Amino acid sequence: GLLEAIADASEDSIFAKDLQGRYLLFNRAAAGYLGVAPEEALGNDAKSVVSAEHAARARDIERDIIATKQQHVREEVFDTIEGRRIWQVTRGPLLDAEGQVIGTFGIGRDVTERRQAESALLERLALHAQLVRIAASIPGVIFSWKRWPDRHSSMPFSTSMAEDLYGLSRKQLAEDMRILTERIRPDDLRRLNVLVAEAGRQSALCHGEYRYLHPGKGLRWIEFWMLPQHDTNGGVIWHGFTMDVTDREYALEALRESEERNRLVFETSTDALTLLRPPSWFPVRANPAAVRMFGAHDEADFLSRSLWERSPEFQPDGRSSKEKAHAIRERALCVGYHCFEWQYRRLDGTLFMVSVMLTRFELDGQTCLQALARDITEQKA
């Protein structure tokens with residue numbers, strides 16, 4: 001009676017079987033989980049309460065326990081009235097006073113929630129490890145920047161690249177951000193404060209650049225992206241990413257300078273220069289010298305007229321202008337350049353001869369041609 005009272009008070013499933021696998025004990029918890037009455041199990045084997053497949057596996061385990069007198073612990077999946085559940089079942093030999101095996105006992109505990117929690121924890125740990133690997137491999141810093149209502153700020157979290165990016169320890173940044181902001185160019189800092197304030201009001205992405213005086217590397221360009229998260233005490237935590245873009249800025253500056261030089265050369269050249277792009281291969285740009293050469297009003301007037309309006313139907317050698325232009329263009333595209341003479345017609349109808357050099361080059365990933373033309377009418381005369 002004491003044994004039955006203890007077994008029935010337990011939330012674990014407790015059962016005992018004789019040597020033939022018939023239930024001698026089947027407590028209320030076991031009956032409740034499986035949705036049967038204890039009386040339905042007592043005197044019967046496991047097939048009376050579980051599937052035949054599961055009963056056969058249990059019987060194999062029990063035979064091994066009877067033969068070896070060893071306990072057996074394993075996890076098993078049962079279909080219960082609460083759905084499919086995971087159980088940790090401990091089975092062992094049931095002994096009489098002389099130590100002889102007279103059956104088996106079992107204690108089952110529902111570990112479904114624990115296993116689900118462990119699985120979720122393992123997933124989070126795996127995700128964390130993956131994020132750590134990603135953070136270590138990217139050329140920048142992932143950070144959290146905390147800003148209090150009194151405008152005090154710090155960087156409580158930053159990845160290891162922060163020390164190289166700013167030349168400051170992460171501990172320094174976590175204590176007070178002034179050590180960083182004091183190294184930002186004053187005009188950039190004012191602009192940065194305006195950006196941050198506006199993005200904070202709108203809870204929007206804040207993106208920008210600033211110049212930073214690195215303790216060891218000198219002036220650097222820093223680009224950042226960050227999103228605000230408002231907390232209950234009126235402060236804001238900005239989560240974002242930042243990186244050194246100094247090399248890019250210098251390259252862009254060099255490109256801008258190169259483009260400006262090319263623009264000046266293009267516009268001030270005394271030779272007529274035109275830019276031809278596929279698929280029509282008609283000019284899409286013309287410098288002032290080209291506009292003057294053909295007597296056009298301006299560049300737009302020049303470009304509005306097709307090549308065939310500016311060329312006679314036939315060249316002096318008798319070949320069709322269209323046929324000859326196609327052959328010349330293909331040769332320039334194949335070889336890289338081609339020099340030739342061409343007869344043009346000014347917009348007032350006057351014919352004149354030019355010496356032309358076609359040069360192939362790449363522009364915005366597209367193969368184009370530049371035509372340099374010189375009026376040789378007087379030379380020909």
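Quick check on Ala327: is it in contact with a helix residue (DSSP H, G or I) (Cβ under 6 Å, 6 or more places away or on another chain) and without any contact (Cβ under 8 Å) to a residue 24 or more places away in the chain? In short, no. Among the residues making up the range 264-289, those that are out of contact with any Cys (no Cβ under 6 Å at 6 or more places or on another chain), open to solvent by 30 Å² or more (accessible area, probe 1.4 Å) and in contact (Cβ under 8 Å) with a residue 24 or more places away in the chain are Pro278, Trp281, Phe282. Only residues that are of a type outside the set (Ser, Thr, Tyr) and over 15 Å from Gly295 (Cα atoms) were counted in the range 344-373, giving 15. Tallying residues that are touching a strand residue (DSSP E or B) at 6+ places or on another chain (Cβ under 9 Å), open to solvent by 80 Å² or more (accessible area, probe 1.4 Å) and outside any strand (DSSP E or B) within the range 350-380 yields 2. Of everything in the range 292-324 that is basic (Lys, Arg) and closer than 19 Å to Asp375 by Cα, the residue that is least open to solvent (accessible area, probe 1.4 Å) is Arg310. The residues listed here are Val89, Val50, Val77; of these, the one that is outside any strand (DSSP E or B) and either open to solvent by less than 90 Å² (accessible area, probe 1.4 Å) or not aliphatic (A, V, I, L, M) (or both) is Val50. Specify the residue that is farthest from Ser13 (Cα to Cα); the eligible residues are those in the range 96-134 that are open to solvent by 60 Å² or more (accessible area, probe 1.4 Å) and in a strand (DSSP E or B). Of everything passing the filter in the range 96-134, Ile102 is farthest from Ser13 (Cα to Cα). Please enumerate the residues belonging to the range 136-157 that are under 29 Å from Thr232 (Cα atoms) and either among the basic types (Lys, Arg) or within 19 Å of the chain's Cα centre (by Cα) (or both). Once the filter is applied, which keeps residues that are under 29 Å from Thr232 (Cα atoms) and either among the basic types (Lys, Arg) or within 19 Å of the chain's Cα centre (by Cα) (or both), the range 136-157 yields Val141, Ile142, Phe143, Ser144, Lys146, Arg147, Arg151. Residue under question is Arg28, and the condition is that it be modelled with pLDDT under 90, open to solvent by 30 Å² or more (accessible area, probe 1.4 Å), of a type in the set (Lys, Arg) and touching a strand residue (DSSP E or B) at 6+ places or on another chain (Cβ under 6 Å); does it hold? In short, no. In this structure, Glu209 does not satisfy being without any contact (Cβ under 8 Å) to a residue 60 or more places away in the chain, assigned to a helix (DSSP H, G or I) and among the charged types (D, E, K, R).
The values are calculated or read from the model by the stated rules, or taken from the named source; none is laboratory data. Note that the structure is predicted; figures quoted are calculated from it, not measured. Note that each Cβ is placed from the backbone with ideal geometry, even for glycine, and that neighbours are counted across all protein chains shown. These accessible areas exclude ligands, DNA and RNA; they are computed on the full protein's heavy atoms, side chains included. Shrake-Rupley method; radii C 1.70, N 1.55, O 1.52, S 1.80 Å.
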